[in-house]
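These notes are about the structure you will find just below.
Each value in this text was obtained by applying a stated rule to the coordinates, not by laboratory testing. Fair warning: this is a prediction, and the values are worked out from it, not measured in the lab. Note: ideal-geometry Cβ built from the backbone for every residue, glycine included; neighbour counts use all protein chains shown.
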Amino acid sequence: MARRSARPTPQPAQELAPRQAAILDAVVTEHVGTAQPVGSGAVAGLNSVHASPATVRSEMVTLEREGYLTQPHTSAGRIPTDQGYRYFVDHLKRGELGPAQRQEVANFFSSIRGEIEGVLERTSSLLSSLTDYTSVVVGPSHASARVLTALIIDLAPRRAMVVAVMSDTNVERRSFDTTFDFTATDVYEASQHVKGLLVGTSLDSDVEVPSRNDTVSKLTRVAIATLHENAATNVGGHVVVGGAAKVASSFALKDTVAQVLGILEQEVVVASLLEDMIKRGVSVAIGAETGFEPLASCAVVVAPVTVDGIPAGAIGLLGPTRMNYGAAMSAAEVVSAHLAHRMAEEGVARG
């Protein structure tokens, strides 16, 4: 599992002078669009700057000295640093999705059907197609879901499966082996006990299981222990990553691509990253702010999904620090709102 490093909480940057702020804004916007270093000539020609190339060069030197810009090559223009992106994001005038995109999202959620896991998977594909970034959708944590019904299924001699239908519409299925023989009647009676003990509880609740040593009691204990053990390792609910292939086109270095893909394969890490950002009140993490060294060249945008005031998951987007932050943040917010509404209709996260 990827190790988390110290992740600084974004701090409000010192206010720049209006002209410096306009130049930084222009450099970020141009670099996001072209992926190339930005020269003073390109910035001086913009209406938002109103300064000569010489003045712009001087201000860019100051911005570089103060840590907002860097010069990758002696003869090249400048590109933003993480600090420069942070200032840009903190002062960003929030945009909105275009009418066509908003209608696409509305049509998607009005027509989609099926269990929540399928909805999450298709939502991640929608989000990735809207933004051209890798998307992460985290479903409701099982800790907030309640058992609606449960049963045990006989699979083979000394092997069975316990099934629990949850209030977030997930279905937990876990097979297990026993050290003792049991009959179909034992399975039926143990199912009744499991159902009686678990309905209305969450999978991390303490449940008092009969301590008797008869077959039904032993089968009941093993089934419940199997579900609880699975709940302990299932952090943050169902995690779906969409558009992972877009990582390859976002970063020039193969090592970076491999490291980022390695993080995305670790569902627990991805879910904990988004959860941590939400808890800290951070909607955008840039570079080292993610707390993971392999994501040093990445930015992560997150929007919480809340149903009836209860946390029900998160929407995330991962891309290079050279991200179109306004578009990514708008898309995440709109999709999270629609997903929350859909979950509310299905009764997800209400317990």
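On the stretch given as segment 30-56, residues that are more than 24 Å from D132 (Cβ to Cβ) and either surrounded by fewer than 17 Cβ atoms within 10 Å (Cβ to Cβ) or of a type in the set (F, W, Y) (or both) total 10. Of the residues making up segment 22-60, those that are outside any loop (DSSP other than H, G, I, E, B) and more than 14 Å from G84 (Cβ to Cβ) are G33, T34, S40, G41, A42, A44, P53, A54, T55, V56, R57, S58. Would a scan of segment 198-207 turn up a residue that is out of contact with any helix residue (DSSP H, G or I) (no Cβ under 9 Å at 6 or more places or on another chain) and part of a helix (DSSP H, G or I)? Within segment 198-207 (the criterion being out of contact with any helix residue (DSSP H, G or I) (no Cβ under 9 Å at 6 or more places or on another chain) and part of a helix (DSSP H, G or I)), the answer is no, since none of the residues qualifies. For segment 300-331, the set of residues classified as hydrophobic (A, V, I, L, M, F, W, C) and under 21 Å from V268 (Cβ atoms) consists of V300, V301, V302, A303, V305, A312, A314, I315, L317, L318, listed by residue number. From the list A76, A26, which one is more than 17 Å from T321 (Cα to Cα) and among the small types (G, A, S)? Answer to the selection: A76. In the set (1) part of a strand (DSSP E or B); (2) closer than 30 Å to G242 by Cα; (3) touching a Lys or Arg at 6+ places or on another chain (Cβ under 6 Å); (4) of a type in the set (A, V, I, L, M, F, W, C), the condition left unmet by A150 is number (2). Within segment 109-123, the residues that satisfy the criterion of being assigned to a helix (DSSP H, G or I) and more than 15 Å from G313 (Cβ to Cβ) are S110, S111. Among the residues making up segment 309-318, those that are surrounded by fewer than 23 Cβ atoms within 10 Å (Cβ to Cβ) and under 19 Å from N170 (Cα atoms) are I310, P311.
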